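Here the structure is laid out as structure tokens; the discussion comes afterwards.
The values are calculated or read from the model by the stated rules, or taken from the named source; none is laboratory data. Since this is a predicted model, take the numbers as computed values, not measurements. Because the Cβ atoms are built from the backbone with ideal geometry, glycine has one as well, and the counts that use them run over all protein chains shown. Ligands, DNA and RNA are stripped out before the accessible areas are found, and what is left, the full protein with its side chains, is counted by its heavy atoms. Shrake-Rupley method; radii C 1.70, N 1.55, O 1.52, S 1.80 Å.
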Amino acid sequence: MNVLELIRPNILTLKPYASARDEFQGTSDPMVFLDANENPFDNGVNRYPDPLQKNLKSVLSKIKGLSEDHILLGNGSDEVLDLILRVFCEPYQDNIITLPPTYGMYSVLANINAVEIKEVQLSEDFQPKVEEILNRADAKSKLLFLCSPNNPSGNSFSQESIEALLKKFPGIIVIDEAYIDFTEHTSWIDRLQEYPNLIVTQTLSKAYGMAGIRLGICYASPTIISVLTRIKPPYNVNELTQKRAIEQLQNISVMQGQVQYILKERDALIKGLKKISFVSKVYPTDANFVLVKVDDATKRYNQLIEKGIVVRNRTTQPGCKNCLRLTVGISAENKALLEALNDLN
């Protein structure tokens, strides 16, 4: 597959904006910076951040075992996904394929960019229907979004299904791995060299506990990364985010310890949920949340709100009628949830 043929022609010929820090990339010290119209009084954030996030990418490169030219960083994963849509999808012409129930921003971003959405609902056990997806795809199907582990179901997609799609889908496949750190499955970034039509997105918002700094990560071939870099805003990842991310990433053991704690709590939560009288099913999960089927999701959601506990009502999502999505909290929070559920009539 020639990925360049899938990119919008105007993007390929686009002359990107060159910021002051793009033009000067030297490291000599001291330097007098009079090029970017910044406030000259040093307060730690008076200068524009590195537009290419070189130090942060260097840290990620070592952790992931990928060269830096395979990495793009964004202001949250949503910016990364938006950039991908802008690069590959011609408004009012191309389409994407999503597999509901799944992360809702794929469709929102497609609508913002005037891109048609084709939906192929997941099977009853929340797996991709490979043949149906391939049958729905056409020459204008530029992107297929696979969320694995999936939100809101929590399960991972089978390796065989993903491989079949990577080999036969006519466009780019985006695997959203926001919850990859909670599963024993290996990341698909290990297969980037094998599949030039593969993009993998990850985030520091979940396992790494940094939802507040808004940092999304995209892994792909250098060809795709270079084109995405050309259209991103010049200073899309701020200085505070870059510094905080580097600090956290240099102590991976903290994240790993917290993940193990969450997994242990998840097991205890699932055991408790199975004893609740009105819980009819607890779905398998590879994420830091659990999807449960109850007798009346809206009723139970409102009852929990009255007890000061906020969960997510997913009953309107395809295949999720009367389902609640419960995030795994710390031990005291999980016990409070189970106690509240046991108290409900």
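Observations
- In region 276-343, counting only strands (runs of 3 or more DSSP E) that sit wholly within it, the ones holding 2 or more residues that are open to solvent by less than 20 Å² (accessible area, probe 1.4 Å) span 289-294, 323-327.
- Count of region 152-168 residues which are in contact with a strand residue (DSSP E or B) (Cβ under 8 Å, 6 or more places away or on another chain) and touching a residue at least 40 places away in the same chain (Cβ under 8 Å): 3
- Checked against the criterion of being closer than 29 Å to Leu324 by Cα, among the β-branched types (Val, Ile, Thr) and crowded, with 20+ Cβ neighbours inside 10 Å, the candidates Ile117, Ile180, Ile112 yield just one match: Ile180.
- Asp29 being touching a helix residue (DSSP H, G or I) at 6+ places or on another chain (Cβ under 9 Å), of a type outside the set (S, T, N, Q) and open to solvent by 10 Å² or more (accessible area, probe 1.4 Å): no
- Arg266 among the basic types (Lys, Arg), surrounded by 14 or more Cβ atoms within 10 Å (Cβ to Cβ) and over 17 Å from Ser205 (Cα atoms): yes
- Only one of Pro149, Pro100, Pro128 that is without any contact (Cβ under 8 Å) to a residue 40 or more places away in the chain and either within 21 Å of Pro9 (Cβ to Cβ) or not charged (D, E, K, R) (or both): Pro128
- Some residue of region 155-162 being under 30 Å from Gln250 (Cβ atoms) and either modelled with pLDDT under 95 or not hydrophobic (A, V, I, L, M, F, W, C) (or both): yes
- All of Ile217, Ile199, Ile213 fail the test of being crowded, with 16+ Cβ neighbours inside 10 Å and in contact with a Phe, Trp or Tyr (Cβ under 9 Å, 6 or more places away or on another chain), apart from Ile199.
- Against the conditions (1) within 29 Å of Leu263 (Cβ to Cβ); (2) touching a Ser or Thr at 6+ places or on another chain (Cβ under 8 Å); (3) among the hydrophobic types (A, V, I, L, M, F, W, C), Val130 satisfies every one except (1).
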